[in-house]
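Trainee: I have a structure here, written as structure tokens, and I will follow up with some questions on it.
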């Protein structure tokens, strides 16, 4: 009996270990029963691109008995156990994480509240960090603003004035200088470099050119984004590309310089 209860407890803990699954539970608590499509729309997920990922997380919650599906209405609703788990999560958040609203991954299995004494190898100076955002070690953040539920991997360098929206994922070794704005739900692959001046010098005057990465865009690994461009909504930039001009929304570009390969159907 005890072993069975322990196994169920482990299943519940695994189910709520994902920020997305917690978002689903919170939505059902706030809005009541929702259909599959309503949940995806509320999470601003792309049905054609994110359906597999969403179904995977939904199945996790169903198996843990945190949500149930109504066969007649085809809607999902929060169970009593799901409500209880959210209540506990809220208490933990208020007690541990709310003062900073930022989590730091200190090992493969551990998330902790930010502690400047522990994360000695990172430099986070007056950065505004949204609720639920995870910051890995070995990062440099200067006077920037990062939204909610983002993931900032190790060895990321973000300069003053940079704004990053909600639900973004920035992989290791990314450089984002002053003048760059990244909207919601953007993926930045490892080793991507943004620039902000077409004629950089070690000393003297320089011209700041602003760059915009619009929502739902994805930038492949080791791409270089030259200054003053706009990457449109839902656009995809292939790995290793050099982007020298604006990228239209819902287009796929690649190469040096990056050229349009094809257009995607807007979602």
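Trainee: Of 222, 21, 201, how do they rank once you tally other Cβ atoms within 10 Å and put the fewest first?
Mentor: Working: 222 14, 21 20, 201 8.
Taking fewest neighbouring Cβ atoms as first place, the list is 201, 222, 21.
Trainee: Can I ask one more? What percent do you get for the relative contact order of the stretch 101-263 when only Cα pairs under 8 Å and 6+ apart count? Mind showing how you got there, number by number?
Mentor: Numbers: 511 pairs, mean separation 19.2, N = 163.
Relative contact order here is 12 percent.
Trainee: With both bridge residues required to lie in the stretch 101-263, what share of the DSSP beta bridges run antiparallel, to the nearest 5%? Numbers along the way, then the final one.
Mentor: On the way: 7 of 47 bridges.
The answer is about 15 percent antiparallel.
Trainee: Counting other beta carbons within 10 Å of each Cβ, put 175, 60 in order, fewest first.
Mentor: Values: 175 17, 60 20.
Going from sparsest to densest Cβ surroundings: 175, 60.
Trainee: State whether the stretch 208-267 is rounded, prolate or oblate according to the following rule on the C-alpha gyration tensor (a ≥ b ≥ c being the square roots of its eigenvalues): a/c under 1.5 gives rounded; otherwise a/b larger than b/c gives prolate, and the remaining case gives oblate. Walk me through the intermediate numbers first.
Mentor: Working: a/c = 1.76, a/b = 1.20, b/c = 1.46.
Note, shape of the stretch 208-267 comes out oblate.
Trainee: Rounded to whole Å and ordered largest first, report the semi-axes of the equivalent ellipsoid of the stretch 143-267 derived from its Cα gyration tensor (root of 5λ). Walk me through the numbers before you get to the answer.
Mentor: Numbers: eigenvalues 88, 65, 32 Å².
They are 21, 18, 13 Å, listed from largest to smallest.
Trainee: Please arrange 162, 224 by counting, for each residue, the other beta carbons lying within 10 Å of its beta carbon, fewest first.
Mentor: Numbers: 162 23, 224 20.
Final ranking by Cβ density, sparse to dense: 224, 162.
Where a number appears in this text, it was derived from the coordinates with a stated rule and is not lab data. Small disclaimer: the values here were computed from a predicted structure and weren't measured. Reconstructed Cβ throughout: ideal geometry from the backbone, glycine too, with neighbour counts over all protein chains shown.
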